[in-house]
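Beneath this line is the structure, given in structure tokens, with notes to follow.
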Amino acid sequence: MLEVEVKHRADLSKVRERLKSLGFSLVAAQEEVDIYFQHPCRNFAATDEALRVRSAGGRAYVTYKGPRMGAGAKTRVEVSAEASPGIVEVFEKLGFAAVARIRKRREYYAGDGFSVSLDLVEGLGEFVEVEKTVASEEEIPRAVEEVRRLASALGLGEEVRETYLELFLNTFKPGSQ
């Protein structure tokens with residue numbers, strides 16, 4: 001599956017009200033801690049990939065994010081699997097180095113085939129992510145148009161192109177990328 005996503009800085013209280021008026025439903029709200037790893041033999045910053053372990057509610061989820069595709073919005077292959085929280089130690093024993101630990105409070109909303117996340121990211125601020133998942137590359141242009149249309153309907157301004165990892169590293173570890 002391919003994920004088409006746009007991210008914006010926003011006032012979450014205003015977006016929350018707009019989501020409700022558009023018929024979106026709150027699916028979940030939780031604290032999340034994302035640990036990003038560097039491969040021992042490959043520079044993920046150079047290949048535009050990411051390996052993340054997300055801890056939330058006593059569970060762990062491993063996600064591989066492939067390189068961004070030139071589709072006008074952040075579009076990439078994502079593969080996720082649930083794992084034991086011990087997966088962090090497994091990666092470290094295999095030589096993967098944790099490069100960032102990002103904490104956030106996230107609210108998940110769903111409606112009309114979209115997923116919208118309202119994020120309060122520790123040290124970085126408030127963000128909204130509008131996402132749509134598609135099965136093929138042919139569907140990407142239409143999905144990009146649709147996520148941007150929803151972002152506009154939510155009153156979101158300029159798009160943030162960087163990932164949370166890039167924002168974190170640029171803010172807290174200058175020169176790390």
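You will find that of Val99, Val79, the residue that is in contact (Cβ under 8 Å) with a residue 40 or more places away in the chain and touching a strand residue (DSSP E or B) at 6+ places or on another chain (Cβ under 6 Å) is Val99 and no other. Within segment 46-72, the set of residues being outside any strand (DSSP E or B), under 16 Å from the mean Cα position of the chain (by Cα) and at negative phi comprises Glu49, Gly66, Pro67, Arg68.
When each of Glu129, Glu139 is tested for being assigned to a strand (DSSP E or B) and either surrounded by fewer than 19 Cβ atoms within 10 Å (Cβ to Cβ) or not polar (S, T, N, Q) (or both), the lone residue that passes is Glu129.
Does segment 149-177 hold any residues that are outside any loop (DSSP other than H, G, I, E, B), basic (Lys, Arg) and modelled with pLDDT under 95, and which are they?
none
Each residue in segment 19-45 was checked for being farther than 28 Å from Ala135 by Cα and either part of a helix (DSSP H, G or I) or of a type in the set (Gly, Ala, Ser) (or both), and 1 pass.
Among the residues of segment 73-84, at least one is within 25 Å of Arg148 (Cβ to Cβ) and part of a loop (DSSP other than H, G, I, E, B).
When we screen Arg161, Arg148 for residues that are surrounded by fewer than 17 Cβ atoms within 10 Å (Cβ to Cβ) and farther than 20 Å from Val33 by Cβ, the only hit is Arg161.
Look at segment 54-108 and say how many of its residues are surrounded by 12 or more Cβ atoms within 10 Å (Cβ to Cβ), farther than 23 Å from Val160 by Cα and of a type in the set (A, V, I, L, M). So the answer is 8.
The values are calculated or read from the model by the stated rules, or taken from the named source; none is laboratory data. From a predicted model like this one, the values you see are computed outputs, not experimental measurements. Note: ideal-geometry Cβ built from the backbone for every residue, glycine included; neighbour counts use all protein chains shown.
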